[in-house]
Each structure stands twice: as C-alpha cells, then as structure tokens.
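Only one structure is covered here, and it is reproduced in the block below.
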Amino acid sequence: MLRELSITNFALIDELHVEFGPGLNVLTGETGAGKSIIIDALGLALGTRGEAEQIRTGAEEGRVEAAFDLDDEEARRLLAEGGIECPADEFLVVRRHLLREGKSKAYLNGRLTSAASLRGLAELLIEVHGQHQGALLTQPHRQRLLLDAYAGLAGDVAAFRALYSRRQALRVELDSLVAGEREKAQRLDLLQHQRGEIAAARLIEGEDEELIQERTILAHAEKLHAAAHLGYEGLYGEEGSVAGRLAAILSRLREAQAIDPRLKEVVDACEAGIASVEDAARQLRDYRERVAFDPERLEQVEVRLHEIGKLKRKYGASIAEILKFAASAEEELQHLTRSEERGQELERELASVEALLQQQAAALTEGRAAAAGRLAGAVRQELQALKMDKAAFAVLVKPRQGSAGVRLEPSGADEVEFLIAPNPGEELKPLSRIASGGELSRVMLAVKAILAASDQIPTLIFDEVDVGIGGGMAEVVGQKLWTIARQRQVLSITHLPQIAALADRHLAISKRAKGSRSETAVRALDGEERVREIARMLGAKERSGGTPLQHAQEILDAGKRWKATKRGPSGPKT
C-alpha cells in the first residue's frame, strides 16, 4: 500500500509530505486547494507523462517520491526481473524528477529506470477511479479481468496465456523454417553434390605434391635413364672405369705400405673410396633399371592432377583446404537434416498445443459463463443498497469472432461486456454508453465492493466519484468505500461530509498565500479540527459553537457507531 508521498516544486506545491495509512484515507478541501494535484503528482511518480508546465514557477525541477509497503509477489517478481530487490521489511521507493526542458528521470529504490517500467509497476500497485470513469470499468478488457477475478480464474488465465505464448513461439519458429524451405532444399542438393564429388575423388593429403614430382620424372625418363647408364658404366661397368683404376692404384699402395707403414691412412682412404664408388655404381644400376618412359602412367598422372586441380578451383587452394571444406559441408548437411526433423517435431507439438488451447479456452468460457450470472446478481444487490433498486444489470460472455471463426487471444476465446438498464423498461446497454456519471460511479462501487477480497491491486484511488451524489446516498457511498477499505487501502477525494466522517485517516488540503504566491498544504485531522472540517463541508462557517458544529459532530458520531457494528477483528486499526 501507499505509505508516504513527498512532492517538491510541483504545480502549487512548494514542498509537501503526506503519510497515508491502511483503510479509508479521505482527502478534503475547498475547490482549487490542490487535492487533485496530489493525485497528479502520484501519477507522475508512477510513470504518467509529465509536462514542464507542471513544475512550480521559478523552479528548474519538480520532484515526486512515493514509498510503498510492498506485499504483492507479482510486483516483487517484476522488480527482480529488472535487477531490483525489495526485501519484505523495506519500502519500495519510487522517485521521478521532471526537468524544465521537458525531460524526466525515474528511479526505483535509487536505481535509474524508465517511465515505462514505472507504468508497468503502477498497474500492480494502484488503480485510479475518477468521475465519469471511462478508462477502466467501461473497458471490455477490464470487465473481463473483473469477471475472472470474481470467478477465481486468474490462475487459469495465466496458464492459458503461457500456453498461448508457447503456441506463438512455435508458430514463429515453424514459419521461419517453412519460409526458407525452397532455399534449404536447394542448399541440401548443392551440399550433397559437393560432398559426393569430394568423397568420390578419395583425396589423400600431400598426394598432389607426389604426383607433380612423378610427372616430372616421367616426362624426362629417357634423359634420366641415359644419365644413370653413363654414370654406371663410367664408375664400374666399362674397361678403364673409375672403380678399376682405383683398384690398380690400391694394389700398388698396399705394396708400398708393406715397406712404409706410414701409408696406412692413405690405403684406408682409397679402400673407402672404392667402396663408395661401388655403392654409387650399384645405385645407378638399380635406378637405370627402374627409370623407363611410360606414356600410359604419365597420362594417368596428368588425369589425376587435372581432377585435383578442378577440385582446388572449387573448394580450396590445397587438398587440406578441400578436405576442410568437405567436413564443413558435412556439418551443415547434418544441421539441415536436423532442421527437417525439427520442423516435424514443431508440427507435432503445435498440434498438441492447439488442441490443449481449445480445451482450456472451453474451460475458461464455461467458468466465465457460470460466474457471469452470479456476478450480475451480486451487482444488482449492491445497486439496490446504492438506491438503484430498479436497475437491471447483466454480464455478457460471448465468443470473440475473427475472420475464420472464434479467435483466440491470450485471455481465451471470450469477450466480456457489462450491460445495464438504470431504469425500468429500458433496454440493457453496454456500461460504456451510460450518460450519468453518478450511476457509473455507483456501478463501479458495487463491483469494487464485491471484488474487494479477490482484486489484487492493493491501493484504490477514488477521485471525486461522489459527484452527482448527495443526501442519504452519500452516506451509503461512504459506507461502501469503508467496506472496500477493509480489504484494500482506499484513497478518496471527496466533497461530501458523510464520506469524510467514515475516514480511518482524514487529510485536509488547503491553499494559502505565501508572499505573492499560493501554495498547497496538507494536515492530518483529528478531534476538534476534524469537526470543523466536517462543518465546513456542510456549508457552515467555522465558529466555536452552534448547530453546524453540533451537526458535524453528530455525523462523525453516527459514522463511528456504524463502523463499530461492521468492524471485524481483521479491520484496520485507526
């Protein structure tokens, strides 16, 4: 609930601090004193659009700060999603700065946030009702919420909404897959062709380098054979070869070594030289036998190199890059194949979700239809207490029609509409078409009285909903407000003393001169001050004695007696 409101440099307010309590908080004061300014300031704190003209003349910045005692788990969840923790034993502090250049800054527990975030939070904290309430109770969306609250369907609607969101997500994913079906099929064909072409080549890394070398050798086979033959014959094969001449030299040196042992190293070197020459000769002989011009093999090598070259032009500059491309293509093929399987899974899941949605929508329709009559009857009873005993009231639940039949939305398949005929013989018409603000206010009070226990919004603000109401009706309206305030905090701006007399907390708003300017002030009333304010509202002059003050006291005493008969152990302490 709203605990405190601090306002600085806003409209007529220089600086103002207001404390609110549980139960019925009544704000009274003369016309123009600034009662509605306080509600406007609270709206600014909770994200409504601010205008530079709202800043008090002479100031560069207006500031509003509101402190809430937060009990709502949904509000805590919303805050936690934004990274803002609000322990149960601490207030939630909302602050808004309005700058002269038209910009504004918003804060939640000291952290900078957006006005949109404040508006989302405000929907969970406060509901404002004004005279000619055309923005909430007359809206079909709001009427559906009220019926669901009365029927206890809020949890079922939340489950339906989650399932509806799942259906939307499935549709988006499936549409995305279907939208690229042709492109995907073309891509699959291409990848399969590329994978097959590379696989058929049976490439081996480094193969191309070996083939290039083999091609060079085959192309020069005759020259290589001749060189090997010449080398072999010169070293070993022919008469007068290097090996033969070295052998003759070695024989003479061995004879000389027998005479002079110092020649041993020379003899050893010659022996090693002969061995090297013989080894080289054997290698040349073997090489000569292997090297031969083979046109058929040369053609095979050329064909293979041409095949590899084609693949290089398509898939990479080397066999390693081609094989890497093949691995990537295989991975993409697997992904595309899985996406086909995913599409089939999505279709199956979507069909299941669609069927479940239809079942849940039917259950919601049944629950709403069953509760509609009960709610209408309860409202009629409340309207009788509010002096509209001749009024007819109905709650209509009908299918929401679309181009292809009944259309599902996140709330189900139903449209809900409140219908009323204020006077006998009149046709039931939508609540939004009622001309009388007083009648609309009473319907709103009737609905709120019924839903006070089930409505989740902790603070209700009634801004002069008593316009067009007077006499005995004012007392009844006050009693309804007080009854609603047993379940919810209620703030009521009123001109009626009968309503003010039932307040759990009475705040008087006044306008006073300060130098050459006016400013708004507020004070909590009790005792004699409250009697005088009630007397003022009755139209009496403030004076120390006489009938007007006695009348005011009588109204207050009557209110206390009535509350004493209604207050249960759960009622707020004042």
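The values are calculated or read from the model by the stated rules, or taken from the named source; none is laboratory data. Remember, it's a predicted structure, so these values are computed and weren't measured experimentally. Using ideal geometry, Cβ is built from the backbone for each residue, glycine included, and neighbour counts are taken over all protein chains shown.
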- [ ] Return only the number of the condition from (1) surrounded by fewer than 22 Cβ atoms within 10 Å (Cβ to Cβ); (2) part of a loop (DSSP other than H, G, I, E, B); (3) touching a helix residue (DSSP H, G or I) at 6+ places or on another chain (Cβ under 7 Å) that Arg486 does not satisfy.
- [x] (3)
Task: Meets criteria (within 38 Å of the chain's Cα centre (by Cα), farther than 21 Å from Asp175 by Cα and modelled with pLDDT under 90) for Val379 - done: no
Task: Exclusive hit being surrounded by fewer than 14 Cβ atoms within 10 Å (Cβ to Cβ), closer than 30 Å to Arg161 by Cβ and not acidic (Asp, Glu), set Arg433, Arg400 - done: Arg433
Open item on the list: On the basis of being within 17 Å of the chain's Cα centre (by Cα), more than 30 Å from Thr8 (Cα to Cα), in a helix (DSSP H, G or I) and of a type outside the set (Lys, Arg), does Gln143 make the cut?
Closed with: no
- [ ] Could you look through segment 149-165, keep only residues that are assigned to a helix (DSSP H, G or I) and among the aliphatic types (A, V, I, L, M), and pick out the one that is surrounded by the fewest Cβ atoms within 10 Å (Cβ to Cβ)?
- [x] Ala162
- [ ] Look through segment 190-239, keep the residues that are assigned to a helix (DSSP H, G or I) and acidic (Asp, Glu), and return whichever of them is surrounded by the most Cβ atoms within 10 Å (Cβ to Cβ).
- [x] Asp208
TODO: Hey, can you tell me all the residues within segment 313-329 that are surrounded by 15 or more Cβ atoms within 10 Å (Cβ to Cβ) and not small (Gly, Ala, Ser)?
DONE: Tyr315, Ile319, Ile322, Leu323, Phe325
- [ ] Tell me which residues, restricted to segment 37-58, are acidic (Asp, Glu) and either under 11 Å from Ala122 (Cα atoms) or without any contact (Cβ under 8 Å) to a residue 12 or more places away in the chain (or both).
- [x] Glu53
- [ ] Search segment 26-55 for residues being over 30 Å from the mean Cα position of the chain (by Cα), among the charged types (D, E, K, R) and closer than 26 Å to Glu533 by Cβ, and hand back the single one that is surrounded by the most Cβ atoms within 10 Å (Cβ to Cβ).
- [x] Lys35
Task: Qualifying positions in segment 208-263 - among the charged types (D, E, K, R) and touching a residue at least 40 places away in the same chain (Cβ under 8 Å) - done: Asp208, Glu214, Arg215, Glu222
Open item on the list: Within segment 142-175, take every residue that is free of Cβ contacts under 8 Å to residues at least 40 places away in the same chain and of a type outside the set (A, V, I, L, M) and give me the one that is nearest to Thr365 (Cα to Cα).
Closed with: Gly155
TODO: Answer yes or no: is there a residue in segment 179-192 that is over 30 Å from Ile308 (Cβ atoms), modelled with pLDDT of 85 or more and either hydrophobic (A, V, I, L, M, F, W, C) or out of contact with any Gly (no Cβ under 8 Å at 6 or more places or on another chain) (or both).
DONE: no
Task: Scope segment 24-45; condition among the polar types (S, T, N, Q) and touching a helix residue (DSSP H, G or I) at 6+ places or on another chain (Cβ under 8 Å); matching residues - done: Thr28
TODO: Test each condition in (1) modelled with pLDDT under 90; (2) within 30 Å of Leu357 (Cα to Cα); (3) surrounded by fewer than 13 Cβ atoms within 10 Å (Cβ to Cβ) for Leu146 and report the one that comes out false.
DONE: (3)
TODO: For Gly472, indicate whether it is crowded, with 24+ Cβ neighbours inside 10 Å and either among the aliphatic types (A, V, I, L, M) or over 39 Å from the mean Cα position of the chain (by Cα) (or both).
DONE: no
- [ ] Take Ser352 and decide whether it is surrounded by fewer than 17 Cβ atoms within 10 Å (Cβ to Cβ), among the hydroxyl-bearing types (Ser, Thr, Tyr) and over 18 Å from Arg187 (Cβ atoms).
- [x] yes
Open item on the list: Quick test of your reading of the structure: Lys387 fulfils all but one of (1) in a helix (DSSP H, G or I); (2) over 29 Å from Arg195 (Cα atoms). Name the failing condition by number.
Closed with: (1)
